[in-house]
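Just so you know, all these numbers are worked out from the coordinates, no wet-lab data involved. Because the structure is predicted, anything quoted here is derived from the model rather than measured. Heads up, the Cβs are rebuilt from the backbone with ideal geometry, glycines too, and the neighbour counts pull from every protein chain shown.
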Amino acid sequence: MRVFINFLFFLLLSIVSCKDHSMKIQKKGLFAIIETDKGNLIIELFPEVAPKTVQNFVRLSKEGFYNGVVFHRVIPNFMAQTGDPTGTGSGGPGYQFEDEINADALGLDKLKISESPYYEQYLMLLVVQRLKIQDQNEFNLKRMQVEREIQKLKDLSVKEVLEQLGYKYKSNLNSISGKKGSVGMANAGPNTNGSQFFINQVDTPHLNGLHTFFGQLFEESFPILDKIIASGDRQSKIIKITIVENQY
């Protein structure tokens, strides 16, 4: 009988806790309350921006996938990354899915690759791929060819260069730029999303077109994010994530 009473107590406590969370969010929409050992991170989710990404995040959260998972990679003045159950940065849910990015909505179709220092490395990467350069020695030997190829490609847009590197974009999405508090999917290149995500501590325009952004941290949660980042790698963890949907 005592076990049953204890069960009812914790069930009631859980229900009250969920109600408390929804009462704190006084706006219509879909939200995630990430309870951590440093405090709560409250995030607004944007299913209209990245529907499959949000659906994946919500499902994993409800299944308890993120419970106990550490923030394995934190970089001051950049971001905090989590979502890997192994805590190593190489783990995930056992599957991968495609990016949800509209390069046109981010202005990458109008931005020349030669006019953006953020993306210069991707122009060089494309040149290396085109010339099939395997190592630094071969790069040095083909330096003149590299320079000629750069001149050929310098007027391409950022979108065109990234597409040639394997990124695929969707014109029907309302993609958002990476800014302070943006929540984005971590990946290992084009279309390698799984469960890992990061929260920006600062604006990250250099990640536009490369990562799917699908949420925004509430202003009141920034002190908690700062604590997590100040603590260092693997020094903070998620307790659980509660999904709240407000219809009003």
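Annotations for the structure displayed:
- In straight-distance terms, cross-link reach from residue 159 covers every one of the lysines whose alpha-carbon lies under 16 Å from its own, apart from those fewer than eight places away in the same chain; here that gives 110, 112, 168, 170.
- In this structure, the residue pairs whose Cα-Cα separation is over 19 Å, taken from 62/240; 52/237; 180/237; 28/240; 52/240, are 52/237; 180/237; 28/240; 52/240.
- Counting only DSSP H runs of at least 4 residues, each contributing -39500 (n - 2.57), and dividing by the residue count of the chain, the helix-based mean residue ellipticity at 222 nm comes to -10000 deg cm²/dmol.
- Net charge dipole size for the chain [Lys, Arg +1 and Asp, Glu -1 on Cβ; Debye, nearest 20]: 300
- Each part reduced to its alpha carbon centroid, region 97-153 and region 42-96 end up 29 Å apart.
- Computed FRET value (nearest 0.05) for residue 97 with residue 67, which takes r as the C-beta separation and R₀ as 22 Å: 0.50
- Only Lys, Arg (+1) and Asp, Glu (-1) charged, at Cβ; region 123-248 dipole about Cα centre in debye: 300
- Degrees separating the helix 51-62 axis from the principal Cα axis of the chain, which is the longest one: 40
- Available extension along the chain between residue 188 and residue 37 is 51.6 nm, counting 0.36 nm per residue and deducting the alpha carbon span.
- Volume in Å³ per residue [convex hull over Cα atoms, computed for the chain]: 145
- Residue (of 158, 209, 239) at the positive-pole extreme of the chain, dipole from beta-carbon charges: 239
- Debye-formula intensities of region 113-156, expressed as log10 I(q)/I(0) at q = 0.23, 0.24, 0.32 Å⁻¹, are -0.75, -0.81, -1.18 (one equal scatterer per alpha-carbon, no solvent).
- For the chain, modelled as a GNM whose springs connect Cα atoms under 10 angstrom apart, the maximal fluctuation among 66, 122, 169 occurs at 122.
- Dipole size of region 113-156 about its Cα centre, with +1 on Lys/Arg Cβ and -1 on Asp/Glu Cβ: approximately 180 debye, rounded to the nearest 20.
- Residues of region 36-56 with amide N under 18 Å of the 7 Å Cα→Cβ point at residue 179: 42-50
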